[in-house]
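Participant: Here it is, the structure, as C-alpha cells.
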Amino acid sequence: MPRTNDDPRAMRSRAAALAAATELLVEGGPENVTHATVAGRAGIGRATVYRHWPNQQTLLIDALASDVRPLLTFDDTPVRDQLVNQLEQMIQRLNQPSAVSVLATVIQRAERDKDAQRIREEVFGRPDEDFARALAAAVEHGELRTGVQEHATDLIARIVGPLLFQRFLLGVHLEKDLVVSLVDAALAPWLPNA
C-alpha cells in the first residue's frame, strides 16, 4: 500500500533529510547537497531521499527554502528605530558565512529558476511596498516630510545596497555603526527640519 504524504514515517524521514540538506548547504554550499550526502547525514536510505526529491534541484530548492524569512518587515512604530533594529539583526545573520553562502546561492539561481525566484521574493519580498506604508505612517506621525514614501525603493537601495556590497563583494564583517550611519544618511533629507 503506498504511503501518503501524512504518513508519520514519511514525514519523519523528510524532516530528517531536509535538516541534513540544510546543514550540508550551510557547511559546503550547493554542491555539497546530493542525495547521497543527505542520506548519509540523515541516516536514511538514498532511495528514501529520491522518493521525496526526484532530482538534486528540488532537494536544493527545499533546503534553501527551509530557512527563508523576509529581511525587512515594517509596522507603525518609528521608522528609523525599525530600520536600525532590523538591519542590526540582518547584519548579525549576514556576518555568518553560512548566510552568505545560502543567500548567494538563492540570488544566483533565481536568474534561471522559478523556484529560486520564489525564494528570493520571500527573502527580499517587496520591502519597497511595506516600507512605503511605514514611511507614510512616519509622515502622519511627523517623523518625516511628505513625499518620502514615493522614494521607498531608492531609500532601501541606499541603506541595504552598501551592506550587501560590503558583505558579499568585499567580504567585510558588518558593524552596527555602519547601519546607523546608512539609515541616518538616507533619512536626513526627509527630516521635518531638513
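Participant: Among the candidates A104, A136, A63, which residue alone is within 27 Å of H173 (Cα to Cα) and free of Cβ contacts under 8 Å to residues at least 60 places away in the same chain?
Facilitator: A63
Participant: Could you please let me know if L174 is touching a residue at least 60 places away in the same chain (Cβ under 8 Å) and within 13 Å of the chain's Cα centre (by Cα)?
Facilitator: In short, no.
Participant: Six or more apart or on different chains, Cβ atoms under 9 Å: show the pairs whose first residue is in the stretch 77-101 and in contact (Cβ under 8 Å) with a residue 12 or more places away in the chain and whose second is assigned to a helix (DSSP H, G or I) and of a type in the set (D, E).
Facilitator: R80/D184; V84/D184; S98/E27; S101/E27
Participant: Turning to a different aspect of this structure: Please identify the pairs in which a residue from the stretch 26-43 that is assigned by TED's automatic domain parsing to the domain that holds V106 has its Cβ atom under 7 Å from the Cβ atom of a residue that is aliphatic (A, V, I, L, M), counting only partners at least 6 apart or on another chain.
Facilitator: none
Participant: Are any residues in the stretch 130-145 crowded, with 17+ Cβ neighbours inside 10 Å and outside any helix (DSSP H, G or I), and if so, which ones?
Facilitator: E143, L144
Participant: From N193, N95, which residue is under 14 Å from the mean Cα position of the chain (by Cα), on the phi < 0 side of the Ramachandran plot and not small (G, A, S)?
Facilitator: Sole residue among the options that is under 14 Å from the mean Cα position of the chain (by Cα), on the phi < 0 side of the Ramachandran plot and not small (G, A, S): N95.
The values are calculated or read from the model by the stated rules, or taken from the named source; none is laboratory data. Since this is a predicted model, take the numbers as computed values, not measurements. Cβ sites come from the backbone with ideal geometry, for glycine too, and all protein chains shown count toward neighbours.
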